[in-house]
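Engineer: Can you read through this structure? Questions will come right after.
Each value in this text was obtained by applying a stated rule to the coordinates, not by laboratory testing. Computed from a prediction, not measured in an experiment: that's the story for all the values here. In this analysis, Cβ positions are derived from the backbone assuming ideal geometry, glycine residues included, and neighbour counts consider all displayed protein chains.
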Amino acid sequence: MTELSIRLLSTVPGLPPVLQTVHLLGLAMLMASAVMMDLRLLSLAGRGQQVQEMLQRLFPWLFWALPIMLLSGLPFLLARPQRYFNNPVFAYKAGFLCLALLATLLLWIAFRRGATQQPAWPIKSLALVSLAAWLMTAMSGRWIAYADYLFWPG
Amino acid sequence: MLQHEFWLNLEYTWLAEQIGATWLFPLFNSLHVLSITLMLGALLMLDLRLAGFAARVYPYRTLSRDFLPWIWLAFLVAVLTGAGLFITRASAHVLNPAFQWKMLLMVLAGLNMLIFHYRHHRLANGWDQQHSVRWSLRITGMTSLLLWAGVMLGGRWMGHII
């Protein structure tokens, strides 16, 4: 797998930037869906739209973005595993991602049970956790390339 | 003009040196990524409604009232952080074909927005109440998405050219 990824990324012209752009466009789908529904649950955005309808409409975008993110990100991970597994920022990204996925899954379960209709404080705090965790996931993704600013100063 | 020393002088300003030499650079870079994904994702929701592919239960204007302030806020953050990143290597960026494409596509996206703005203001109130919007406006919605995806590609490609 490592050899295949290295060969693809180094021989197909323009593949790395194209794949990274797919990763960014997938992130746009994912982040906007997650952030907008979290802000809606917190009554900070999208107040012209009904909560249940909005979640119904946005959850598929969020979930479909996940395989896109995985497929466009995995080749880079497979090509240079040591670059990522030895990088503390990558560990942060993985941690924030797990937290974000967990919070999103819980929100989805609450949505399926109709508990998001009139969001009470447990749902609102879950939305806040999801919001923060997704923002930190995306931020730390970009900081992987800049780990030395944080961990090896000088 | 692109060879002018103005661009080089930008790199020697106090601000550019502060950003380039500290953790401000990765901070600006990650905030840039965050704001462009939020902007484009929210624009996707709005443009898909305009193109008639999603959220058709609402009039276009309900969605634009909800999303446009967030889109403009994200755009403002993206422009400020982008300018901060740009001045650290201005003289190289202006000669970078990927950067030039990115700027061209952004201008076209702006023109596309103006065309939409001009055309829908001439229509009677309630143009967005109908189930499907007229074709000329739907096309501006789809064009906007294509142009902004191109802006993303240009921006990401910049880093592979230098």
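Engineer: What trypsin sites (Lys or Arg not before Pro) in region A:85-154 are in a loop by DSSP, with at most 14 other Cβ atoms within 10 Å of the Cβ? Walk me through the numbers before you get to the answer.
Structural biologist: Details: sites: A:LYS93, A:ARG112, A:ARG113, A:LYS124, A:ARG142; in loops: A:ARG113.
Counting only loop positions with at most 14 other Cβ atoms within 10 Å, the trypsin sites (Lys or Arg not before Pro) in region A:85-154 are A:ARG113.
Engineer: Would you work out which of B:HIS121, B:THR37, B:THR22 lies farthest towards the positive end of the dipole of chain B, given +1 charges on the beta-carbon of Lys and Arg and -1 on that of Asp and Glu, about the Cα centre?
Structural biologist: So the residue we want is B:HIS121.
Engineer: From the helices alone, meaning DSSP H stretches of at least four residues, give me the mean residue ellipticity at 222 nm for the protein assembly as shown, per-run term -39500 (n - 2.57), in deg cm²/dmol to the nearest 500. Display every interim value, and only then the final one.
Structural biologist: Values: 14 runs with 252 residues, N = 316.
Taking each H run of at least 4 residues, the total per residue is -27000 deg cm²/dmol.
Engineer: Would the protein assembly as shown count as rounded, prolate or oblate if I go by the C-alpha gyration tensor, calling it rounded below 1.5 in a/c and otherwise prolate when a/b exceeds b/c, oblate otherwise?
Structural biologist: Here the protein assembly as shown falls in the oblate category.
Engineer: Treating only the Cβ atoms of Lys and Arg (+1) and Asp and Glu (-1) as charged, compute the dipole magnitude of chain A about its Cα centre; round to the nearest 20 debye. Can you show the working numbers first?
Structural biologist: Numbers: 11 positive and 4 negative charges, 43 e Å.
Here the size comes out at about 200 debye.
Engineer: Taking neighbour Cβ counts within 10 Å as the exposure measure, how do B:LEU40, A:LEU78 sort from fewest upward? Could you put the intermediate results ahead of the total?
Structural biologist: Values: B:LEU40 27, A:LEU78 17.
Placing the least packed residue first, the sequence is A:LEU78, B:LEU40.
Engineer: For region B:136-149, just list the computed ³J(HN,Hα) in residue order, Karplus coefficients 6.51, -1.76 and 1.60, θ = phi - 60°, integers in Hz, with x standing in for Gly and Pro.
Structural biologist: 4, 7, 4, 5, 5, x, 5, 4, 4, 5, 4, 4, 5, 4
Engineer: Further question: Pairs of alpha-carbon atoms within less than 8 angstrom and 6+ residues apart define the contacts here; what relative contact order does region A:2-151 have, in percent? Present the calculation step by step, with values, prior to reporting the outcome.
Structural biologist: Working: 145 pairs, mean separation 47.1, N = 150.
31 percent.
Engineer: Now for a different question. What's the Kirkwood radius of chain B in Å, using all Cα pairs?
Structural biologist: Details: mean 1/r = 0.0578 Å⁻¹.
Hydrodynamic radius (Kirkwood, Cα pairs) of chain B is 17.3 Å.
Engineer: Which whole-Hz ³J(HN,Hα) couplings does region A:130-142 yield from phi under the Karplus relation 6.51 cos²θ - 1.76 cosθ + 1.60, θ = phi - 60°, glycine and proline marked x?
Structural biologist: 4, 4, 5, 5, 5, 4, 5, 4, 5, 4, 5, x, 6
Engineer: Which chymotrypsin sites (Phe, Trp or Tyr not before Pro) in region B:46-136 sit in a loop by DSSP (not H, G, I, E or B) and have at most 15 other Cβ atoms within 10 Å of their own Cβ?
Structural biologist: Working: sites: B:PHE53, B:TYR60, B:PHE67, B:TRP70, B:TRP72, B:PHE75, B:PHE86, B:PHE99, B:TRP101, B:PHE116, B:TYR118, B:TRP127, B:TRP135; in loops: B:PHE53, B:TRP127.
Passing sites in region B:46-136 are B:PHE53.
Engineer: Give a quick list of trypsin sites (Lys or Arg not before Pro) in region B:38-90 that DSSP marks as loop, anything other than H, G, I, E or B, with at most 15 other Cβ atoms within 10 Å.
Structural biologist: Details: sites: B:ARG49, B:ARG56, B:ARG61, B:ARG65, B:ARG89; in loops: B:ARG56, B:ARG89.
Here the sparse-neighbourhood loop sites are B:ARG56.
Engineer: Enter the Cα centre distance for the pair region A:126-148 and region B:69-103, rounded to the nearest angstrom.
Structural biologist: 22 Å
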